[in-house]
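This report refers to the structure that appears directly beneath it.
Since every read-out is calculated from the coordinates, none of them should be taken as a lab result. If you're wondering where the values come from, they're calculated on a predicted model, not measured in any experiment. Cβ placement follows ideal geometry from the backbone for every residue including glycine, while neighbour counts extend to all protein chains displayed.
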Amino acid sequence: MTKPAVPLRPGQAPASPRYLPIAPYQPCRSDSIRCPDIEKGTKNILFGSNQDRKNDHLDFLGSSTRQLIFGIGTHLTPEIIDELVSFIKVCRNLWHFELLFLDDGYHPDNHAKALTDDDIVKLAAACPNLRSIKLPATTQLGHRSLIAFCQHCPGLKHLEITTVADNKKLFVHETFFDEAMRHPSWAPQLKKIVLYAHCDSYQDRVHGPYLKHVRALSKRRPKLIIEFLRISPRVQSQLPVASADVIGA
């Protein structure tokens, strides 16, 4: 029960308010919440689905995490990227980032169509020690994403960004090849690039407007393999058919 207020006597000054001491701030750590940035975590992690990630990511992510894979039950969203980059130490120590993708008609939410260049630029800047990035099933990514990984990840060896079979957008950007050629110091250990190129015919593949830019980069980096993945849906099957053109090495 609250005590009634005591009236002040004439000439009496009000008492100074009493404040409780405030404990120093500790990021995302309490008795019930585990913070990946101040925990060691698990070295290699596979989240099979969005629900798995939601339930378990705080229990497994940590400063020792090197490999982060999202399974075929995953819909990779900007919100997932934003949360990941908020764990500064986790991202700083990552070596491998991958989305597993199975375009079989049974996993309609298994994609990364919502991701934009802005999301990927944030991811690349937060993960300077990445050695491998495999990001399939995208539809909105362009040369900014490719450049960001090369610019921010000096130890990068494998760069793979592709799309889905029903996407008709040409995911080949002359700007990326030109910038990579002009900056040989970017990702000097890069061994392989895998991209998507939608081609309606063999002539498109042989005489594509981007090929002269690709060849110029290949001459500047003779050990670099540049692979163009073409994905065509089968008529009698839901499974797509993938093939590739390889330039270099």
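Values as computed for the structure displayed
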| quantity | calculated |
| --- | --- |
| Linear extension gain, D59 paired with K157, 0.36 nm per residue minus alpha-carbon span | 32.4 nm |
| Links that overshoot a 28 Å alpha carbon limit, given the list K40/K191; K43/K122; K89/K157; K43/K219; K54/K157; K134/K223 | K40/K191; K43/K219; K54/K157 |
| Cβ-based net charge around N93, under 11 Å, with every Lys or Arg adding one and every Asp or Glu removing one | +4 |
| Spin-label model distance (nm) - R144 vs K40, 7 Å beyond Cα toward Cβ | 4.0 nm |
| Summed side-chain charge close to P128 - residues other than P128 whose Cβ falls under 13 Å, Lys, Arg +1, Asp, Glu -1 | +4 |
| Sequence ranges 127-139, 79-91, ranked by mean other-Cβ count within 10 angstrom, highest first | 127-139, 79-91 |
